[in-house]
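Chemist: My questions will all concern the structure given below.
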Amino acid sequence: MLSRPRRVNALAWQRTLSVALALCFVLPIKAQSSSDKKESTAKKTPAKSSKPATKPAAKPDNQENAVISGENLNTALVTRLVFQKTNQERTKAGLPTFQHLDTLEASATGHSTDMARRNYFSHNSKGVLFRKSVSDRTEAAGVGTRRVAENIAMLPTFRQMQVFRRTDTGASRVTMDTNTYDQLATWAMEQWMQSPGHRQNILNPELRYLGVGTALGNRNGVPYVYLTQNFAG
């Protein structure tokens, strides 16, 4: 069953196909306002237990250059790198950096974990009766803000692959190396920033808080990293 159109303001897909038939997907959902009757309502004040804070800087332990294992992923490291690289894009655009919110990270991690465990890729939780949207999940996690948005991505953990990228002039073959944590986080950000819907969420000045969630899944014997970005205003 597909989600109702009114649940999503904008939908943008990008697909990357490797020679091993591994798929890379990215999908955004634009900011939802509680003033819109079609969107889920949320509390107007942040939850007391949620203390926004700037994410700590990376420790100089060179972990980001470690080789990724398709069996044992350091999800906390991926989460930290994606958060940092997202704020780097905000800085480039002259925007304030995102503040970290524990409740947003909990919501994002829960969704990534659910997608990986139950083998689906969507902004709506898998199910027939209870297909929770991003606003449902963030509200349940205690995010008391008026506006929320979400980006998701699913990336394979291959060390090397050849991918085909679609451009305005056609398709081109590019060799990509995603064998380290830093390279994986960089690849995810490149995919999002090349998509208008994802880019709009990342550079939306009305969104001030961010939580990133990471999980490792498997599709037909191929390990994938599921990423979720939950934003709030």
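The values are calculated or read from the model by the stated rules, or taken from the named source; none is laboratory data. The model shown is predicted, which means the values in this text are computed figures rather than measured ones. Note that each Cβ is placed from the backbone with ideal geometry, even for glycine, and that neighbours are counted across all protein chains shown. These area figures cover heavy atoms from the full protein model, side chains too; ligands, DNA and RNA do not enter into them. Shrake-Rupley method; radii C 1.70, N 1.55, O 1.52, S 1.80 Å.
Chemist: So in segment 130-149, with the set limited to residues that are in contact with a Ser or Thr (Cβ under 7 Å, 6 or more places away or on another chain) and farther than 16 Å from G233 by Cα, which one is surrounded by the fewest Cβ atoms within 10 Å (Cβ to Cβ)?
Modeler: R131
Chemist: I'm checking my understanding of the structure. Among residues of segment 73-96 that are touching a residue at least 40 places away in the same chain (Cβ under 8 Å) and in a loop (DSSP other than H, G, I, E, B), which one is least open to solvent (accessible area, probe 1.4 Å)?
Modeler: The extreme case among them is L73.
Chemist: Go through segment 204-233 residue by residue and tally those that are modelled with pLDDT of 95 or more, open to solvent by less than 30 Å² (accessible area, probe 1.4 Å) and either β-branched (V, I, T) or not in a strand (DSSP E or B) (or both).
Modeler: 6
Chemist: With (1) at pLDDT below 95; (2) over 16 Å from T79 (Cα atoms) as the list, and N201 as the residue in question, which single condition is left unmet?
Modeler: Going through (1) at pLDDT below 95; (2) over 16 Å from T79 (Cα atoms) one by one, N201 breaks only (1).
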